[in-house]
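Working notes for the structure below.
The values are calculated or read from the model by the stated rules, or taken from the named source; none is laboratory data. Predicted model only: the values in this text are computed from it and were never measured. Here the Cβ positions follow ideal geometry from the backbone for every residue, glycine too, while neighbour counts run over all protein chains shown. These accessible areas exclude ligands, DNA and RNA; they are computed on the full protein's heavy atoms, side chains included. Shrake-Rupley method; radii C 1.70, N 1.55, O 1.52, S 1.80 Å.
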Amino acid sequence: MKGVVLAGGTGSRLNPLTRVTNKHLLPVYDKPMVYYPIQTLVNAGIEEILLVTGGKNAGEFLRLLGNGRDFGLKHLNYTYQEGEGGIAEALGLAEFFAGNDSICVVLGDNIIENNICQAVDSFNAQNGGAKILLKEVDDAQRFGVAEIQGERVVGIEEKPKVPKSNYAVIGIYLYDQSVFEKVRRLKPSGRGELEITDVNNFYIEEDKLTYEILDGWWTDAGTFESLLRANMLVAETGANKMNRSSGAARREVAQ
(Lines give C-alpha, C1' and ligand atoms only; values in the text may rest on other atoms or scores of the structure.)
Protein backbone atom coordinates (compact mmCIF):
# COMPACT_ATOMS: atom_id res chain seq x y z
CA MET A 1 0.00 0.00 0.00
CA LYS A 2 1.10 3.54 -0.81
CA GLY A 3 0.06 6.76 0.90
CA VAL A 4 -1.22 10.05 -0.50
CA VAL A 5 -1.52 13.33 1.43
CA LEU A 6 -3.73 15.94 -0.24
CA ALA A 7 -2.44 19.39 0.70
CA GLY A 8 -3.56 21.72 -2.09
CA GLY A 9 -6.23 24.39 -2.09
CA THR A 10 -6.09 28.07 -1.21
CA GLY A 11 -7.20 27.83 2.41
CA SER A 12 -9.57 30.75 1.86
CA ARG A 13 -11.48 30.04 5.07
CA LEU A 14 -8.30 30.83 7.01
CA ASN A 15 -7.61 34.15 5.33
CA PRO A 16 -5.56 36.26 6.22
CA LEU A 17 -3.38 33.51 7.73
CA THR A 18 -3.08 31.91 4.30
CA ARG A 19 -2.16 35.00 2.32
CA VAL A 20 1.54 34.24 2.63
CA THR A 21 1.64 30.47 3.15
CA ASN A 22 -0.26 27.26 2.47
CA LYS A 23 -2.87 26.28 5.07
CA HIS A 24 -1.17 22.94 5.67
CA LEU A 25 2.04 24.67 6.78
CA LEU A 26 0.34 26.54 9.62
CA PRO A 27 1.30 25.35 13.12
CA VAL A 28 -0.83 22.94 15.11
CA TYR A 29 0.67 23.11 18.60
CA ASP A 30 4.35 22.20 18.08
CA LYS A 31 4.37 20.96 14.46
CA PRO A 32 3.26 22.15 11.02
CA MET A 33 -0.20 20.86 10.18
CA VAL A 34 1.03 18.61 7.36
CA TYR A 35 3.21 16.62 9.77
CA TYR A 36 0.15 14.95 11.30
CA PRO A 37 -1.32 13.25 8.19
CA ILE A 38 2.15 12.13 7.12
CA GLN A 39 2.71 10.59 10.56
CA THR A 40 -0.68 8.87 10.30
CA LEU A 41 0.54 7.06 7.18
CA VAL A 42 3.97 6.27 8.61
CA ASN A 43 2.42 4.84 11.80
CA ALA A 44 0.34 2.51 9.60
CA GLY A 45 3.53 1.10 8.09
CA ILE A 46 3.29 3.00 4.80
CA GLU A 47 6.70 4.08 3.51
CA GLU A 48 5.96 5.28 -0.03
CA ILE A 49 4.13 8.60 0.23
CA LEU A 50 3.06 11.22 -2.30
CA LEU A 51 2.26 14.80 -1.28
CA VAL A 52 -0.14 16.63 -3.60
CA THR A 53 0.07 20.40 -3.20
CA GLY A 54 -0.67 23.54 -5.20
CA GLY A 55 -0.89 27.30 -5.07
CA LYS A 56 1.89 29.87 -4.83
CA ASN A 57 3.72 28.33 -1.88
CA ALA A 58 4.27 24.75 -3.05
CA GLY A 59 8.04 25.12 -2.81
CA GLU A 60 7.78 25.61 0.93
CA PHE A 61 6.76 21.96 1.33
CA LEU A 62 10.04 20.86 -0.22
CA ARG A 63 11.98 23.21 2.04
CA LEU A 64 10.16 21.92 5.10
CA LEU A 65 9.90 18.21 4.37
CA GLY A 66 12.76 17.40 2.01
CA ASN A 67 12.85 13.64 1.53
CA GLY A 68 10.96 12.93 4.74
CA ARG A 69 13.91 12.42 7.06
CA ASP A 70 11.93 13.65 10.08
CA PHE A 71 9.59 10.67 9.57
CA GLY A 72 12.27 8.06 8.94
CA LEU A 73 11.49 7.99 5.22
CA LYS A 74 14.12 7.45 2.54
CA HIS A 75 12.17 9.42 -0.05
CA LEU A 76 9.11 11.64 -0.31
CA ASN A 77 7.27 12.20 -3.59
CA TYR A 78 5.60 15.44 -4.69
CA THR A 79 3.15 16.52 -7.38
CA TYR A 80 1.36 19.78 -8.16
CA GLN A 81 -2.36 20.48 -8.56
CA GLU A 82 -3.16 23.40 -10.82
CA GLY A 83 -6.27 25.38 -9.96
CA GLU A 84 -9.14 24.43 -7.66
CA GLY A 85 -10.56 21.21 -9.03
CA GLY A 86 -11.48 19.54 -5.76
CA ILE A 87 -10.27 16.62 -3.67
CA ALA A 88 -11.04 13.96 -6.27
CA GLU A 89 -9.13 15.84 -8.96
CA ALA A 90 -6.13 16.04 -6.64
CA LEU A 91 -6.43 12.31 -5.99
CA GLY A 92 -6.39 11.66 -9.74
CA LEU A 93 -2.90 13.15 -9.90
CA ALA A 94 -1.66 10.19 -7.84
CA GLU A 95 -2.42 7.60 -10.53
CA PHE A 96 1.11 7.50 -11.91
CA PHE A 97 2.47 7.10 -8.38
CA ALA A 98 0.06 4.39 -7.24
CA GLY A 99 0.48 2.10 -10.23
CA ASN A 100 -1.31 -1.16 -9.43
CA ASP A 101 -1.07 -0.74 -5.66
CA SER A 102 -3.84 0.17 -3.24
CA ILE A 103 -3.63 3.58 -1.60
CA CYS A 104 -4.43 5.25 1.69
CA VAL A 105 -5.47 8.88 1.18
CA VAL A 106 -5.37 11.43 4.02
CA LEU A 107 -6.53 15.02 3.71
CA GLY A 108 -3.78 17.40 4.75
CA ASP A 109 -5.79 19.09 7.50
CA ASN A 110 -6.96 15.91 9.24
CA ILE A 111 -5.53 15.10 12.66
CA ILE A 112 -6.28 12.03 14.78
CA GLU A 113 -5.53 11.05 18.35
CA ASN A 114 -4.49 7.47 17.71
CA ASN A 115 -3.78 5.48 14.53
CA ILE A 116 -5.38 3.63 11.63
CA CYS A 117 -3.43 0.38 11.85
CA GLN A 118 -6.47 -1.86 12.24
CA ALA A 119 -8.32 -0.15 9.41
CA VAL A 120 -5.35 -0.68 7.08
CA ASP A 121 -5.01 -4.33 8.12
CA SER A 122 -8.71 -5.05 7.62
CA PHE A 123 -8.72 -3.30 4.24
CA ASN A 124 -5.75 -5.37 3.12
CA ALA A 125 -7.70 -8.49 4.12
CA GLN A 126 -10.76 -7.58 2.08
CA ASN A 127 -10.99 -8.33 -1.63
CA GLY A 128 -10.32 -4.87 -3.11
CA GLY A 129 -12.91 -2.14 -3.00
CA ALA A 130 -12.72 0.75 -0.58
CA LYS A 131 -12.94 1.53 3.12
CA ILE A 132 -13.90 4.80 4.78
CA LEU A 133 -13.45 5.90 8.37
CA LEU A 134 -16.35 7.46 10.24
CA LYS A 135 -16.69 9.51 13.40
CA GLU A 136 -19.82 10.55 15.27
CA VAL A 137 -20.12 14.34 15.37
CA ASP A 138 -22.55 16.99 16.63
CA ASP A 139 -22.42 19.12 13.46
CA ALA A 140 -22.89 16.53 10.72
CA GLN A 141 -24.20 19.19 8.32
CA ARG A 142 -20.58 20.32 7.78
CA PHE A 143 -19.42 17.00 6.36
CA GLY A 144 -20.14 14.12 4.08
CA VAL A 145 -22.55 11.96 6.08
CA ALA A 146 -22.88 8.18 5.86
CA GLU A 147 -26.25 6.46 5.90
CA ILE A 148 -25.65 3.15 7.65
CA GLN A 149 -27.70 -0.04 7.80
CA GLY A 150 -26.01 -2.56 10.08
CA GLU A 151 -22.49 -3.09 8.76
CA ARG A 152 -23.21 -1.51 5.37
CA VAL A 153 -22.97 2.04 4.16
CA VAL A 154 -25.91 2.49 1.78
CA GLY A 155 -25.23 6.09 0.80
CA ILE A 156 -23.17 9.21 1.48
CA GLU A 157 -24.59 12.70 1.25
CA GLU A 158 -22.39 15.80 1.09
CA LYS A 159 -23.22 18.51 3.67
CA PRO A 160 -26.90 17.56 4.04
CA LYS A 161 -29.31 20.01 5.64
CA VAL A 162 -31.05 17.07 7.33
CA PRO A 163 -28.40 14.37 7.98
CA LYS A 164 -29.49 10.73 7.94
CA SER A 165 -26.99 9.97 10.70
CA ASN A 166 -24.42 11.72 12.87
CA TYR A 167 -21.54 9.77 11.30
CA ALA A 168 -19.22 12.04 9.37
CA VAL A 169 -16.91 10.65 6.71
CA ILE A 170 -13.51 11.82 7.89
CA GLY A 171 -10.72 12.60 5.48
CA ILE A 172 -9.04 9.18 5.48
CA TYR A 173 -9.86 6.79 2.63
CA LEU A 174 -8.55 3.39 1.52
CA TYR A 175 -8.94 2.47 -2.15
CA ASP A 176 -7.98 -0.24 -4.59
CA GLN A 177 -6.51 0.67 -7.98
CA SER A 178 -9.95 1.05 -9.58
CA VAL A 179 -10.33 4.43 -7.84
CA PHE A 180 -8.66 6.22 -10.74
CA GLU A 181 -11.12 4.82 -13.28
CA LYS A 182 -13.87 6.14 -11.01
CA VAL A 183 -12.26 9.58 -10.81
CA ARG A 184 -12.24 9.76 -14.61
CA ARG A 185 -16.01 9.12 -14.61
CA LEU A 186 -16.75 12.09 -12.36
CA LYS A 187 -18.54 15.23 -13.48
CA PRO A 188 -18.08 18.56 -11.67
CA SER A 189 -20.54 19.27 -8.89
CA GLY A 190 -22.43 22.50 -8.41
CA ARG A 191 -19.27 23.88 -6.81
CA GLY A 192 -17.37 23.16 -10.02
CA GLU A 193 -15.26 20.49 -8.30
CA LEU A 194 -14.80 16.74 -8.56
CA GLU A 195 -16.20 15.38 -5.30
CA ILE A 196 -14.67 12.56 -3.27
CA THR A 197 -18.20 11.72 -2.04
CA ASP A 198 -19.11 10.76 -5.62
CA VAL A 199 -16.11 8.42 -5.76
CA ASN A 200 -17.23 6.72 -2.54
CA ASN A 201 -20.78 6.39 -3.85
CA PHE A 202 -19.46 4.61 -6.96
CA TYR A 203 -17.98 1.99 -4.63
CA ILE A 204 -21.30 1.75 -2.76
CA GLU A 205 -23.08 1.07 -6.07
CA GLU A 206 -20.70 -1.85 -6.58
CA ASP A 207 -21.26 -3.04 -2.98
CA LYS A 208 -17.52 -2.73 -2.40
CA LEU A 209 -17.32 -0.08 0.32
CA THR A 210 -16.78 -0.96 3.98
CA TYR A 211 -16.43 1.29 6.99
CA GLU A 212 -14.90 1.48 10.44
CA ILE A 213 -15.49 3.86 13.33
CA LEU A 214 -12.35 5.77 14.30
CA ASP A 215 -11.11 5.26 17.83
CA GLY A 216 -10.15 8.43 19.71
CA TRP A 217 -10.72 12.01 18.66
CA TRP A 218 -10.51 13.41 15.17
CA THR A 219 -10.62 16.95 13.84
CA ASP A 220 -9.99 18.82 10.68
CA ALA A 221 -8.22 22.18 10.89
CA GLY A 222 -9.62 24.11 7.95
CA THR A 223 -11.53 26.84 9.81
CA PHE A 224 -10.52 29.16 12.63
CA GLU A 225 -12.70 27.18 15.04
CA SER A 226 -11.38 23.76 14.04
CA LEU A 227 -7.78 25.03 13.91
CA LEU A 228 -8.14 26.23 17.50
CA ARG A 229 -9.73 22.90 18.47
CA ALA A 230 -6.89 20.99 16.83
CA ASN A 231 -4.29 23.00 18.74
CA MET A 232 -6.07 22.40 22.04
CA LEU A 233 -6.57 18.68 21.47
CA VAL A 234 -2.96 18.07 20.47
CA ALA A 235 -1.69 20.14 23.40
CA GLU A 236 -3.90 18.27 25.87
CA THR A 237 -3.53 14.67 24.70
CA GLY A 238 -1.00 14.44 21.89
CA ALA A 239 -1.73 13.01 18.44
CA ASN A 240 -0.82 10.01 16.28
CA LYS A 241 -0.43 7.79 19.33
CA MET A 242 0.56 4.15 18.98
CA ASN A 243 -0.13 3.01 22.56
CA ARG A 244 -3.41 1.31 21.66
CA SER A 245 -3.73 -2.01 19.91
CA SER A 246 -5.96 -0.58 17.21
CA GLY A 247 -6.88 2.76 15.73
CA ALA A 248 -10.36 1.91 14.54
CA ALA A 249 -13.06 -0.55 15.45
CA ARG A 250 -16.00 -1.78 13.37
CA ARG A 251 -19.30 -1.73 15.15
CA GLU A 252 -22.92 -2.00 14.20
CA VAL A 253 -24.96 1.17 14.33
CA ALA A 254 -28.56 0.74 15.35
CA GLN A 255 -31.04 2.42 13.03
Considering only protein heavy atoms, what per residue accessible area in square angstrom results for region 102-191 with a 1.4 angstrom probe? 42 Å²
In nm, what is the difference between 0.36 nm times the number of residues separating Ser178 and Asn100 and their Cα-Cα distance? 27.2 nm
Along the principal axes of its C-alpha atoms, what lengths does region 183-245 span, in descending order and rounded to whole Å? 43, 32, 14
So the compactness index of the chain, its C-alpha Rg divided by 2.2 N^0.38 Å, takes the value 0.93
Please give the Cα centre distance for region 146-198 versus region 37-85, rounded to the nearest Å. 24 Å
Testing the spin-label approximation: label points 7 Å from Cα along Cα→Cβ at Arg19 and Thr237. State their distance in nm. 3.6 nm
The correct ranking of Met1, Met33 by accessible area at 1.4 Å, largest first, is Met1, Met33
State the dimensionless ratio Rg/Rh of region 3-44 (Rg: radius of gyration of Cα atoms; Rh: Kirkwood radius). 1.02
Over the alpha-carbon set of region 111-255, divide Rg by the Kirkwood Rh and report the Rg/Rh ratio to two decimals. 0.96
Per residue, how large is the accessible surface of region 37-97? Use a 1.4 angstrom probe and give square angstrom. 51 Å²
In nm, spacing of pseudo-spin labels at Arg69 and Glu205 (7 Å Cα→C-beta vector): 4.8 nm
How would Arg69, Arg19, Arg13 rank on accessible area, largest to smallest, probe 1.4 Å? Arg69, Arg19, Arg13
So if the hydrodynamic radius of region 23-146 is defined as the Kirkwood radius over C-alpha pairs, what does Stokes-Einstein give as its diffusion coefficient at 25 °C and 0.890 mPa s, in µm² per second? 154 µm²/s
Straight-distance crosslink candidates among lysines, where the alpha carbon sits under 27 Å from Lys2 and sequence neighbours closer than 8 are dropped: Lys23, Lys31, Lys56, Lys74, Lys131, Lys135, Lys182, Lys187, Lys208, Lys241
Apportionment of accessible area to carbon and sulfur, the chain, percent (1.4 Å): 47 percent
Rounded if a/c under 1.5, otherwise prolate or oblate - region 63-123, Cα gyration tensor axes: rounded
